[in-house]
Structures are given as structure tokens and as C-alpha cells.
Amino acid sequence: MTQIDSALAAAASGLRAQTVRMRIAAENIANADSTGQTPGADPFRRRIPILKTKELEDGVKGVSVVGADEDKGELKLEYNPGHPAADKNGYVKMPNVNSLVEMMDMREASRAYEANLNMIEAARAMATRALDLLRR
């Protein structure tokens, strides 16, 4: 595997990982108001992607998403006695999703995605330049 191929493989693994990060953040935002179905039931819990370094060909390091953990943080309680999921005191457990945090995570993943795309473009440009030099 050439150096350029290695760079492309590492960047491609980064693209895949950032895509999953953005999808999980979007799922968290989509479920920011999802409550339990029955009185006192737990609502949706924020999910956090787990990234892990992985060995690619020729010892090149890449990244992969190996799963997602639930955030065990405190659930919010909202007083809403008319809600179907309200407990006997009228409180509804709300998800531990903060839309602002999720948007920041999504923006960070988006920038990392762009950085990996730039790396692919740079590797492609170097390969093209090397071919041009060999043709002379």
C-alpha cells in the first residue's frame, strides 16, 4: 500500500466515523421530547458514540465507531399532570438531551468530516501531480 493509499484509507475511515457521529446527534435531537409511554416510565436517553482507533493495512491508524452508550446523566422532571406519562405527583421524566450540545457535537463532526474530505483531495492532488511528473 502506498503512502497516498494509506492516507486515503485513514481519511475514509474518518469519514465513516463522522457520518455515524452526525447520525447519532441527529437521532438525539429528534428524540429530545420523547417521553415514556406509561406513568413513571423512563424516556429516551441521549446516546454517545464510542470511537476506537483501528489498525488499517500496513500499520496505518484509522478510526471506527464500535457502538453507542446511553448517557446515564440525570433525567429532567417536568410538571405536566395531564400528560399520559405523568407520575402520581404530576411529573413527567424528560430526556437528558440538550439540543445545544447536540448541535455543537454535530458541528464538530461536520468539521472533522470536512477535514477528512480535504485530506482526500490533497492525496488525490499529490497522486495527480506525481503522474504528471512521471509523464515528462
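The values are calculated or read from the model by the stated rules, or taken from the named source; none is laboratory data. Just so it is clear, the structure is predicted and the values come from calculations on it, not from any experiment. All Cβ positions, even for glycine, are placed from backbone atoms using ideal geometry, and neighbour counts span all protein chains on display. With ligands, DNA and RNA removed, areas are computed over all heavy atoms of the protein, side chains included. Shrake-Rupley method; radii C 1.70, N 1.55, O 1.52, S 1.80 Å.
Could you tell me how many of the residues in segment 66-94 are β-branched (Val, Ile, Thr) and closer than 26 Å to Asp33 by Cα?
1
Can we say Gly67 is at positive phi, part of a strand (DSSP E or B) and not basic (Lys, Arg)?
So Gly67 fits the description; yes.
Residue under question is Gly62, and the condition is that it be more than 27 Å from Ile120 (Cα to Cα) and among the small types (Gly, Ala, Ser); does it hold?
Against the criterion (more than 27 Å from Ile120 (Cα to Cα) and among the small types (Gly, Ala, Ser)), Gly62 does not qualify.
For Ala123, only one of the following conditions fails: (1) in a helix (DSSP H, G or I); (2) in contact with an Asp or Glu (Cβ under 6 Å, 6 or more places away or on another chain); (3) of a type in the set (Gly, Ala, Ser). What is its number?
(2)
Residues in segment 1-41 that are in a helix (DSSP H, G or I), over 17 Å from Leu56 (Cβ atoms) and either at pLDDT below 95 or of a type in the set (Ser, Thr, Tyr) (or both): how many?
Adding up the residues that qualify gives 1.
If a residue has to be in contact (Cβ under 8 Å) with a residue 24 or more places away in the chain and not hydrophobic (A, V, I, L, M, F, W, C) to count, how many in segment 86-97 make the cut?
Residues meeting the conditions: 5.
Given (1) open to solvent by less than 70 Å² (accessible area, probe 1.4 Å); (2) touching a helix residue (DSSP H, G or I) at 6+ places or on another chain (Cβ under 9 Å); (3) under 16 Å from Asp105 (Cβ atoms), identify the lone condition not met by Leu56.
Condition (3) is where Leu56 drops out.
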